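I have placed the structure first, in the form of structure tokens, so that the comments after it can refer back to it.
The values are calculated or read from the model by the stated rules, or taken from the named source; none is laboratory data. All of these numbers come straight from a predicted model, not from anything done at the bench. Glycine gets a Cβ as well: all are built from the backbone with ideal geometry, and neighbour counts include every protein chain shown. Note: accessible area is taken over every heavy atom of the protein model, side chains too, but ligands, DNA and RNA are not part of it. Shrake-Rupley method; radii C 1.70, N 1.55, O 1.52, S 1.80 Å.
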Amino acid sequence: MVYFVGAGCGAADLITVRGMKLLQKADTIIYAGSLVNPELLEYAKDTCRIFNSATMTLEEVIDVMKVSEEKKQMTVRLHTGDQSIYGAVREQMDALDELGILYESCPGVSACFGAASSLNLEFTLPEVSQSLIITRMEGKTSVPEKESIQSFASHHATMAIYLSTGMLEELSKRLIQGGYEKTTPAVLIYKATWPEERSFLCTVETLAETGEKNNITKTALVLVGDVLTHSKYAKSRLYAKDFETEFRKIKK
């Protein structure tokens, strides 16, 4: 059996309890060495075989899983954050389907949620934004034309932009072209929830300048939107005195 486990966004104690228990039981662990906190490997038992997928091809990863399965052993494929976001897991699952190897997924904390916790943010403030757009700039992996930064920017929703730190100048340009004001708040957060985390509040216009000034070139997330300064929002109706719910009557 293969378990795809989200390692969380950085801090070792942000893995789920289920994910931790799977690591403790695993006979084989294949982890994304370039991004997963190595402290998580301390959960592994002494006899566990550990592979760093940063040095492996897809075929090599599948071969390790296949060998483990032939020995009737359990494999954990440990991905950074939550594997359902930019995790390249579908191609692995399809390969396992072809081999008749069963698998399950265990979710993790993605970087945008780790960043929100570090910054004490709420992405969906009433009358500011009720949507969170998770996206990326095109790089080695293309992005469908209808999902361009400009098209998403036109909504003025909160945005979490992954895998784009090396293209901040172009990102800034496209955000403004799409409709964000130059002064729209932005945050560049490096290695959210890791001990070496650093975050910088700036604007859409000054993203590239902020990245260059602070030598942030990779492993960072860009957040954009007026929710970042939480200055002009309406309180939730859910807790208002004159709002009745199934559990609470109107209070006069």
Notebook entry, point to check: With respect to Gly179, is the statement that it is on the phi > 0 side of the Ramachandran plot and open to solvent by less than 40 Å² (accessible area, probe 1.4 Å) true?
Noted result: yes
Within the range 81-114, the count of residues that are farther than 16 Å from Ile62 by Cα and among the charged types (D, E, K, R) comes to 1
Being closer than 22 Å to Ala220 by Cα, open to solvent by less than 60 Å² (accessible area, probe 1.4 Å) and not acidic (Asp, Glu) narrows Thr75, Thr124 down to just Thr124
By residue number, the members of the range 63-72 that are open to solvent by 80 Å² or more (accessible area, probe 1.4 Å) and in contact (Cβ under 8 Å) with a residue 12 or more places away in the chain are Lys66, Lys71
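Any idea which of Glu122, Glu138 is touching a His at 6+ places or on another chain (Cβ under 8 Å) and among the charged types (D, E, K, R)?
Numbers: Glu138 fails: touching a His at 6+ places or on another chain (Cβ under 8 Å).
The match here is Glu122.
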Pairs returned, first residue in the range 142-157 that is in contact (Cβ under 8 Å) with a residue 12 or more places away in the chain, second residue that is open to solvent by 70 Å² or more (accessible area, probe 1.4 Å) and in a loop (DSSP other than H, G, I, E, B), beta-carbon separation under 8 angstrom, 6 or more apart or interchain, are Ala157/Gln130
If you check Glu91 against the conditions, is it in contact with a helix residue (DSSP H, G or I) (Cβ under 8 Å, 6 or more places away or on another chain) and within 30 Å of Leu41 (Cβ to Cβ)?
-> yes
Of the residues in the range 155-176 that are modelled with pLDDT of 95 or more and polar (S, T, N, Q), the one that is nearest to the chain's Cα centre (by Cα) is Thr158
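If I ask for residues that are of a type outside the set (A, V, I, L, M, F, W, C), surrounded by 18 or more Cβ atoms within 10 Å (Cβ to Cβ) and outside any helix (DSSP H, G or I), which ones from the range 150-173 would you list? Give the derivation first.
So in the range 150-173, the residues of a type outside the set (A, V, I, L, M, F, W, C) come out as 150-151, 154-156, 158, 162, 164-166, 169-170, 172-173.
Within this subset, residues satisfying the condition of being surrounded by 18 or more Cβ atoms within 10 Å (Cβ to Cβ) are 156, 158, 162, 164-165, 172.
Of everything in the range 150-173, those that are of a type outside the set (A, V, I, L, M, F, W, C), surrounded by 18 or more Cβ atoms within 10 Å (Cβ to Cβ) and outside any helix (DSSP H, G or I) turn out to be His156, Thr158, Tyr162, Ser164.
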(1) among the hydrophobic types (A, V, I, L, M, F, W, C); (2) within 12 Å of Thr165 (Cβ to Cβ); (3) assigned to a loop (DSSP other than H, G, I, E, B) all hold for Ile250 apart from (2)
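So which of Tyr239, Tyr190 is of a type in the set (Phe, Trp, Tyr), more than 22 Å from Gln130 (Cα to Cα) and out of contact with any Gly (no Cβ under 8 Å at 6 or more places or on another chain)? Walk me through it before giving the result.
Numbers: Tyr239 fails: more than 22 Å from Gln130 (Cα to Cα).
Result of the check over Tyr239, Tyr190: Tyr190.
Kindly indicate whether Glu60 is of a type in the set (Asp, Glu) and touching a residue at least 12 places away in the same chain (Cβ under 8 Å).
On the way: of a type in the set (Asp, Glu): yes; touching a residue at least 12 places away in the same chain (Cβ under 8 Å): no.
No.
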Going through the range 139-149 in order, the residues found to be open to solvent by less than 60 Å² (accessible area, probe 1.4 Å) and not in a loop (DSSP other than H, G, I, E, B) are Ile149
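Among what's in the range 4-58 and is in a helix (DSSP H, G or I) and open to solvent by less than 40 Å² (accessible area, probe 1.4 Å), pick the residue that is nearest to Ala95 (Cα to Cα).
Taking the range 4-58 as the starting set, the residues that turn out to be in a helix (DSSP H, G or I) are 12-14, 17-25, 38-43, 53-55, 58.
Cutting the leftovers down to open to solvent by less than 40 Å² (accessible area, probe 1.4 Å) gives us 12, 19, 22-23, 40-41, 53.
Working: Ala12: 29, Gly19: 23, Leu22: 22, Leu23: 22, Leu40: 26, Leu41: 25, Ser53: 16 Å.
That would be Ser53.
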Going through the range 127-138 in order, the residues found to be over 17 Å from the mean Cα position of the chain (by Cα) and either open to solvent by less than 60 Å² (accessible area, probe 1.4 Å) or acidic (Asp, Glu) (or both) are Glu127, Val128, Ser129
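Keeping to the range 101-129, report how many residues are in a loop (DSSP other than H, G, I, E, B) and either within 22 Å of Ser84 (Cβ to Cβ) or touching a residue at least 12 places away in the same chain (Cβ under 8 Å) (or both). Quick ask: steps written out before the conclusion?
Of the residues in the range 101-129, the ones in a loop (DSSP other than H, G, I, E, B) are 101-102, 107-110, 120-129.
After this cut, where a residue has to be either within 22 Å of Ser84 (Cβ to Cβ) or touching a residue at least 12 places away in the same chain (Cβ under 8 Å) (or both) as well, the list is 101-102, 107-110, 121-129.
Total meeting the criteria: 15.
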